[in-house]
Amino acid sequence: MSGRLAFVMIAVLLGAVSISFVARSATETGFRFPVLHGAAAPDTLDDFRNAWYSQQLDALGEPALEKASDTTVYRFTWLRTFDHPISVRVTKTKSGAELVAKELDGQGGYEPGKLLRTEKRNLSTSQFQSLEDFTAAHGFWELPTLDDSRAGADGAQWIFEAAGQRYHFVDRWSPADGPVRAIGLRMLDLAGWEVHDLEIHQERSGQVSRRHAGGSQRSNG
């Protein structure tokens, strides 16, 4: 079975809800992101992308993020077609701020694999405030959820979410520059994980062109 067909089948199974024009929460559907059937809307994903991203986040042991009055969460998910999936989550509660970074041993465009490493540590108030200020300064809350004017077959999905008094996320394919790239790199830096320049260069420029024999790689379509 091809990679694309397998993921589509997952989308059908997880997204089997009646057609409507009302956004369904992640909790209602089993996805990690809200889904809208019938029309585009901010902060929602179609079943195909939702199934793909949700499977990766499930393997990472990451929950769906939702609005909360006493908790603020920022999460960056980096799904490179042929490289290890990575997530970096920062959570702020009344008791303090914590960073959790995870890496799988699979591929972001195919099977996610198993947990390879996890990093957990507390952040200072100033570190969390710096991240919050950085995110706001880059206009995150005003960015559209999707921008399909730039898309490709290989590369990487850069997904950044924020949940607190409100919820918003953005999803971009291999951004060469701009706010989503800057925020994603800031999250990786905060985790203290070194990412080789070659890895970033390849996923950004689309130089990676490998294919699975008889299969189909992930795309943004």
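Nothing in this text is a laboratory measurement; each read-out follows from the coordinates by a stated rule. For clarity, every value in this text was computed on a predicted model and none was experimentally measured. Neighbour counts run over all protein chains shown; Cβ positions are idealised from the backbone, glycine included.
Stretched out straight at 0.36 nm per residue, the stretch from S95 to A41 would grow longer than its current Cα-Cα span by 16.0 nm.
In this simple spin-label approximation, R166 and D189 carry label points 7 Å from Cα along the Cα→Cβ vector, and these lie 2.6 nm apart. For the residue pairs K94/K120; K67/K94; K94/K114; K92/K120, the alpha carbons lie more than 20 Å apart in K94/K114.
Neighbour counts of other Cβ atoms within 10 Å put S130, S54, S149, S174 in the fewest-to-most order S149, S130, S174, S54. Let me make sure I get this right: for region 88-155, a, b and c are the square roots of the gyration tensor eigenvalues over alpha carbons, sorted descending. Under 1.5 in a/c it's rounded, otherwise prolate if a/b > b/c, else oblate. Which is it? In terms of gyration-tensor shape, oblate.
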